[in-house]
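Quick notes on the structure that follows.
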Amino acid sequence: MSFVATAQDGSLLLYNVNIIHVEDGAIQRGAVLIDGNKIKAIGDYQELNHGVAAVNRIDCQGKYLIPGLWDMHVHLEGADLIDDNKLLLPVFLAYGITTIRDCASDLGEQVLAWREEIKAGKLIGPVIFTAGRKLEGKNSIWKGDLEIENVTELNQMLDLLDKYKVDFVKITENTLGGDLFLKSVQAAHARGYKVSGHVPIDLTIGELHRAGYTSVEHASYLMRLGTDEEQIVADLRSGKTTKEHAGARYGAEFNQQAAIEKYAKLGKAGLFVCPTLIGGRQLAYLDETDHSRDPFLSYLTNKFVANYQWRIQRMGVQSPDQIKQRKDRYLQLRSQIPLIQQSGIKIIAGSDAAALNTYVYPAESLIQELEIFQEAGLTPLQILQSATMNGADYFGISDKTSTIAAGKNADLVLLDQNPLENIEAVRKVNSVLTHGKFYNRKALDEMLKVARERKIELDSSRER
Ligand SMILES: [Zn+2]
């Protein structure tokens with residue numbers, strides 16, 4: 001692609017650009033000098049242009065430079081969807097998403113291989129952080145998880161994840177009981193991992209955090225904080241109440257003030273949460289949305305989209321009452337976002353895009369998630385932080401990436417509009433810089449075209 005300037009061929013200078021400092025929302029007008037995949041200096045055109053070939057000086061008049069976006073919750077999944085997922089990797093870049101956190105799947109080893117290929121410049125895609133495969137209990141509903149039923153098996157699986165060199169550990173609770181779940185968190189934390197996942201019905205969020213939990217995936221679990229969570233968990237453990245009853249109490253006994261107080265405690269303790277609201281919204285509004293003409297479907301193979309049916313079927317035929325309840329629950333959850341933000345709990349933006357998550361399109365759904373945050377009342381700056389520097393903060397690498405400063409990784413996105421005025425500006429991607437390559441709009445459009453063609457090719461090869 002001749003229209004891709006390679007920063008490694010020499011330095012690249014973006015000048016006349018509005019640099020957005022996501023730390024505080026300041027906009028600095030100036031020039032950014034990039035050398036390979038690093039930001040070398042920020043300053044004036046006059047002092048930085050020496051030695052930069054004219055073709056590598058890019059006039060960014062009227063444009064806004066932000067750190068590349070992070071989608072902190074995706075699943076590249078489906079043992080029979082390897083090519084289908086692979087074609088989407090450049091699509092993330094075209095959407096301005098330069099980093100993704102893969103929260104485990106049945107393609108664990110494949111995703112680890114893609115992580116290395118992208119790092120080595122052999123494959124075009126975002127930086128990948130991955131959990132590989134997740135810990136679960138025996139006979140869970142999830143495919144390809146690491147199922148354990150005692151501490152010996154737990155340690156064996158953690159040995160395996162060590163060998164894989166995963167970036168964090170993911171744990172879910174479909175069949176994994178609270179006791180072994182908590183031990184899993186402690187053991188993974190003791191090995192130095194960030195630990196993320198769901199919240200079992202018989203553990204409190206505080207307990208998990210004290211055991212070393214870094215983030216709760218899905219804000220819906222935080223709604224428990226509006227109830228007497230400790231009491232409900234104690235009643236469960238002593239056999240005074242059933243799981244079904246406990247679940248109902250978590251729903252029915254919500255008190256907003258109690259929730260705010262507990263959010264504050266966890267905020268102070270340093271918990272992260274990845275809300276993933278878009279999936280719930282897509283399901284809640286299925287009755288009034290026609291998805292059949294969604295433009296993103298042109299990137300998804302028929303085989304990929306076939307997976308969408310299971311959640312639709314699982315919801316079954318719903319009465320108007322049930323449909324309304326689902327919408328109410330979504331809106332209540334959305335209303336918690338500004339309260340969570342104020343509490344100091346760090347929000348990491350993530351979509352939960354996955355073949356198994358109905359109409360939660362890769363890449364597109366992160367942008368929709370950010371738009372939901374705006375509807376919920378977060379400021380564009382808070383939203384940008386959730387999708388950039390909070391991700392680096394989660395992994396403890398804020399000194400290396402996700403803000404625009406000398407010495408940081410040059411994972412950058414140039415926008416045609418100011419995202420601090422309206423977060424929808426992140427849809428106006430002009431160019432993307434990552435892995436030492438500068439992709440202008442023409443290059444990004446070409447990548448999208450290649451992805452659409454690949455989808456058609458895969459579909460027709462399977463019809464034969
Ligand atoms: Zn997920």
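Some values worked out for this structure:
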read-out	value
Tally, over segment 96-110, of residues that are buried (at least 24 other Cβ atoms within 10 Å of the Cβ) and either of a type in the set (Val, Ile, Thr) or away from the ligand (no atom under 15 Å from the Cβ) (or both)	5
Residue in segment 78-85 that is β-branched (Val, Ile, Thr), within 16 Å of the ligand (Cβ to nearest atom) and assigned by TED's automatic domain parsing to the domain that holds VAL111 present	no
Selection from segment 207-253 of residues that are polar (S, T, N, Q) and within 16 Å of the ligand (Cβ to nearest atom)	THR214, SER215, SER220
Count of segment 253-269 residues which are surrounded by fewer than 17 Cβ atoms within 10 Å (Cβ to Cβ), in contact (Cβ under 8 Å) with a residue 12 or more places away in the chain and under 11 Å from GLY226 (Cβ atoms)	6
Entirely in segment 13-111, the strands (runs of 3 or more DSSP E) that have 1 or more residues that are closer than 30 Å to THR301 by Cα	69-74, 97-102
Some residue of segment 359-370 being assigned by TED's automatic domain parsing to the domain that holds LEU271, touching a Pro at 6+ places or on another chain (Cβ under 8 Å) and more than 16 Å from the ligand (Cβ to nearest atom)	no
Condition check for GLN342: away from the ligand (no atom under 16 Å from the Cβ) and either at pLDDT 95 or above or of a type in the set (Phe, Trp, Tyr) (or both)	yes
Any pair with Cβ under 9 angstrom, 6 or more apart, that starts in segment 184-197 at a residue that is over 19 Å from ASP102 (Cβ atoms) and outside the structural domain of GLU136 (by TED's automatic domain parsing) and ends at one that is outside any loop (DSSP other than H, G, I, E, B) and of a type in the set (D, E, K, R)	none
Subset tally (residues that are closer than 15 Å to LYS134 by Cα, surrounded by fewer than 20 Cβ atoms within 10 Å (Cβ to Cβ) and charged (D, E, K, R)) for segment 180-210	1
Hits in segment 276-315 (condition: outside any helix (DSSP H, G or I) and within 16 Å of the ligand (Cβ to nearest atom))	THR276, LEU277, ASN307, TYR308
Residue count for segment 329-383, restricted to those that are within 18 Å of the chain's Cα centre (by Cα) and in a loop (DSSP other than H, G, I, E, B)	17
One residue from ILE340, ILE323 being surrounded by 14 or more Cβ atoms within 10 Å (Cβ to Cβ), within 30 Å of GLY270 (Cβ to Cβ) and β-branched (Val, Ile, Thr)	ILE340
Subset tally (residues that are under 21 Å from GLY391 (Cβ atoms) and polar (S, T, N, Q)) for segment 324-350	4
Residues (away from the ligand (no atom under 16 Å from the Cβ), farther than 18 Å from VAL233 by Cα and either aliphatic (A, V, I, L, M) or in contact with a strand residue (DSSP E or B) (Cβ under 8 Å, 6 or more places away or on another chain) (or both)) located in segment 192-206	TYR193
Any hit, segment 125-146, residues being in a strand (DSSP E or B) and free of Cβ contacts under 8 Å to residues at least 24 places away in the same chain	yes
Selection from segment 33-57 of residues that are surrounded by fewer than 16 Cβ atoms within 10 Å (Cβ to Cβ) and among the acidic types (Asp, Glu)	ASP44, GLU47
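Residue-wise test of (1) among the β-branched types (Val, Ile, Thr); (2) under 20 Å from the mean Cα position of the chain (by Cα).
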| site | (1), (2) |
| --- | --- |
| LYS63 | no, no |
| ASP84 | no, yes |
| ILE97 | yes, yes |
| GLY132 | no, yes |
| ASP145 | no, yes |
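The values are calculated or read from the model by the stated rules, or taken from the named source; none is laboratory data. Given the structure is predicted, the values throughout are model-derived calculations rather than measurements. Every residue, glycine among them, receives a Cβ derived from its backbone with ideal geometry; neighbour counts consider all protein chains shown.
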